[in-house]
1. Determine the pairs where a residue that is surrounded by fewer than 14 Cβ atoms within 10 Å (Cβ to Cβ), located within the range 53-73, has a partner that is assigned to a helix (DSSP H, G or I) and aliphatic (A, V, I, L, M) with Cβ atoms under 7 Å apart, the partner being 6 or more residues away or on another chain.
2. Go through the range 62-73 residue by residue and tally those that are at pLDDT 90 or above, within 23 Å of Leu16 (Cβ to Cβ) and out of contact with any Leu (no Cβ under 7 Å at 6 or more places or on another chain).
3. Hey, Gly27 hits all of (1) at negative phi; (2) part of a loop (DSSP other than H, G, I, E, B); (3) in contact (Cβ under 8 Å) with a residue 40 or more places away in the chain but one; which does it fall short on?
4. Mind listing whichever residues of the range 82-118 are at pLDDT below 80 and on the phi > 0 side of the Ramachandran plot?
5. In the range 6-25, is there at least one residue being of a type in the set (Val, Ile, Thr), farther than 16 Å from Ile120 by Cβ and either modelled with pLDDT under 95 or out of contact with any Gly (no Cβ under 6 Å at 6 or more places or on another chain) (or both)?
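The values are calculated or read from the model by the stated rules, or taken from the named source; none is laboratory data. Computed from a prediction, not measured in an experiment: that's the story for all the values here. Note that we place each Cβ from the backbone using ideal geometry, even for glycine, and neighbour counts take in every protein chain shown.
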Amino acid sequence: MKSKEYFTRSERETFLLAKKLAENFKGQEVVLLTGELGAGKTIFAKGIAAGLGMKDVHQVCSPSYTLVNIYQAKYPIIHIDFYRLGKKTEIMDLGWEDYLGQGIIIIEWAEKMKFNLDAIYVTFSIEENETRRILIN
């Protein structure tokens, strides 16, 4: 897939971008979200859930403390957060790779993974005027 760059000016625009992306998912995608705190990763996860037909996207929240949340939609959504994990061994010990092929996997703070994965890479950056630059490849 060729890289595409988007600029969103609100949480709603970020949400709708993710929703549109997810509408074409086949059920086994891995989405790796990277970017600074407050850049829009969890909003993007909510948009993916909406695109997959999840009825109450308000259930989608950052799993910073639980590490893994699972939601039901058209396909199961496995939402993982590496924010509190510091070492590669902690990431591997989580066993997240057991979820591969079980549904849509969304990983926040994916920059902490030090290995390549066949996935959709989404990078967020905060630009001036609170605009979000979102690079998808």
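1. Between residues of the range 53-73 that are surrounded by fewer than 14 Cβ atoms within 10 Å (Cβ to Cβ) and residues that are assigned to a helix (DSSP H, G or I) and aliphatic (A, V, I, L, M), there is no close pair.
2. First pass over the range 62-73, keeping only residues at pLDDT 90 or above: 68-73.
Checking the rest, the ones that are also within 23 Å of Leu16 (Cβ to Cβ) come to 69, 71-73.
Narrowing the set further to residues that are out of contact with any Leu (no Cβ under 7 Å at 6 or more places or on another chain) leaves 69, 71-72.
So the count comes out to 3.
3. Evaluating Gly27 over (1) at negative phi; (2) part of a loop (DSSP other than H, G, I, E, B); (3) in contact (Cβ under 8 Å) with a residue 40 or more places away in the chain leaves (1) as the failure.
4. Taking the range 82-118 first, the residues at pLDDT below 80 are 84, 86-95, 114-116.
Gly95, the sole residue that qualifies.
5. Filtering the range 6-25 down to residues of a type in the set (Val, Ile, Thr) leaves 8, 14.
If we keep only those that are farther than 16 Å from Ile120 by Cβ as well, we get 8.
Right, trim to either modelled with pLDDT under 95 or out of contact with any Gly (no Cβ under 6 Å at 6 or more places or on another chain) (or both) and you get 8.
Checked the range 6-25: at least one residue is of a type in the set (Val, Ile, Thr), farther than 16 Å from Ile120 by Cβ and either modelled with pLDDT under 95 or out of contact with any Gly (no Cβ under 6 Å at 6 or more places or on another chain) (or both).
This table checks each residue for (1) within 24 Å of Gly101 (Cα to Cα); (2) hydrophobic (A, V, I, L, M, F, W, C); (3) touching a strand residue (DSSP E or B) at 6+ places or on another chain (Cβ under 7 Å); (4) in a helix (DSSP H, G or I).
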position	(1), (2), (3), (4)
Tyr6	no, no, yes, no
Thr14	no, no, yes, yes
Lys55	yes, no, no, no
Ser62	yes, no, yes, no
Asn69	yes, no, yes, no
